[in-house]
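Asker: Next up is a structure, given as structure tokens.
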């Protein structure tokens, strides 16, 4: 069974047309998959809500869910995925910037490879990008390259909503993010659990959605950039502190070299002038002549030590978090397995005999 989750927020211009395209495509692959569509109206202020309700009433295998207010993409996805029944869950953007053919491609990939998560990437070999505005395209490419640097893997895209999940796996996962940062969070937690993650080439094309002149992207760029940076910190916090700390340490060593040179220079000057030439006098003379060198040297040294120390602490905390998350997930899986076994045993028990009462 295949569940397609569609978060919706102020999409009335293209909503009905795209829902029909998705429904018709799913009907075309019914020989391979049974299916359902779960639509989450995330507090839309336009006519998206009524359109979703009417579409669900007219079509079987369609579930309409509603948030009373806008909670964000992450919360909409979590709500939608929690209400799916499929063996595989596909999340898709309702604007169809990734065409409907991706549903079948992702479903076959996760079914055949027995993966937990399959990412759709327009940036890997075989992928393509079309009709995307220059600023958005640049930010998307830079954001994904930034995250790829911090992820210990070779994934080309970590922010795209277009993905396939193993159904029971994603429904059991505890996710915290409410915005776009839910996408890297899923990858990060899947890596902690050593889950199998695959990637397929995708075709990102804004052409279809640009037909709707009143269409406005609901993504807030500044918030998205901030969440991308924070996701990178989540993956490798150590690097955020240690790299600047090492660079600052190198700079401080350079300044310390000049501090020592100035002390030696002052010592020779005092000795030539016939004054008292000892290390303390030379240091005082050098500081008086070059105070900024000593201030910068001491401050940069202290700051570099603090940054490297914070990096070590953050690495330790990250390992504690990963261990606790892995342990908690393992306990949860065992509890769920125990509950299923108990229910199965109860249902399989033979009825009690009435021979004793007779």
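The values are calculated or read from the model by the stated rules, or taken from the named source; none is laboratory data. Computed from a predicted structure; not experimentally measured. For neighbour counting, all protein chains shown are included, and Cβ atoms are generated from backbone atoms with ideal geometry for every residue, glycine included.
Asker: Here is a list: 69, 23. Which entry is modelled with pLDDT of 95 or more and either under 24 Å from residue 109 (Cβ atoms) or assigned to a loop (DSSP other than H, G, I, E, B) (or both)? First the steps, then the outcome.
Answerer: Numbers: 69 fails: modelled with pLDDT of 95 or more.
Unique residue meeting the criteria: 23.
Asker: Can you name the number of the only condition in (1) surrounded by fewer than 20 Cβ atoms within 10 Å (Cβ to Cβ); (2) at pLDDT 90 or above; (3) assigned to a strand (DSSP E or B) that residue 129 fails?
Answerer: It is condition (2) that residue 129 fails.
Asker: For the list (1) more than 24 Å from residue 177 (Cα to Cα); (2) modelled with pLDDT of 95 or more; (3) out of contact with any helix residue (DSSP H, G or I) (no Cβ under 9 Å at 6 or more places or on another chain), I need the number of the one condition that residue 36 fails.
Answerer: Status for residue 36: all satisfied but (3).
Asker: Follow-up question, since we're still on this one. Determine which member of the set 187, 200, 229 is at pLDDT 55 or above, in a helix (DSSP H, G or I) and buried (at least 18 other Cβ atoms within 10 Å of the Cβ).
Answerer: Answer to the check: 187.
Asker: While we're looking at this one, here's another question. Given the criteria assigned by TED's automatic domain parsing to the domain that holds residue 201, crowded, with 16+ Cβ neighbours inside 10 Å and modelled with pLDDT under 95, does residue 88 qualify?
Answerer: no
Asker: Kindly indicate which of 117, 106, 96 is in contact with a strand residue (DSSP E or B) (Cβ under 8 Å, 6 or more places away or on another chain) and either under 20 Å from residue 76 (Cα atoms) or surrounded by fewer than 23 Cβ atoms within 10 Å (Cβ to Cβ) (or both).
Answerer: Details: 106 fails: either under 20 Å from residue 76 (Cα atoms) or surrounded by fewer than 23 Cβ atoms within 10 Å (Cβ to Cβ) (or both); 96 fails: in contact with a strand residue (DSSP E or B) (Cβ under 8 Å, 6 or more places away or on another chain).
Every option except 117 fails the conditions.
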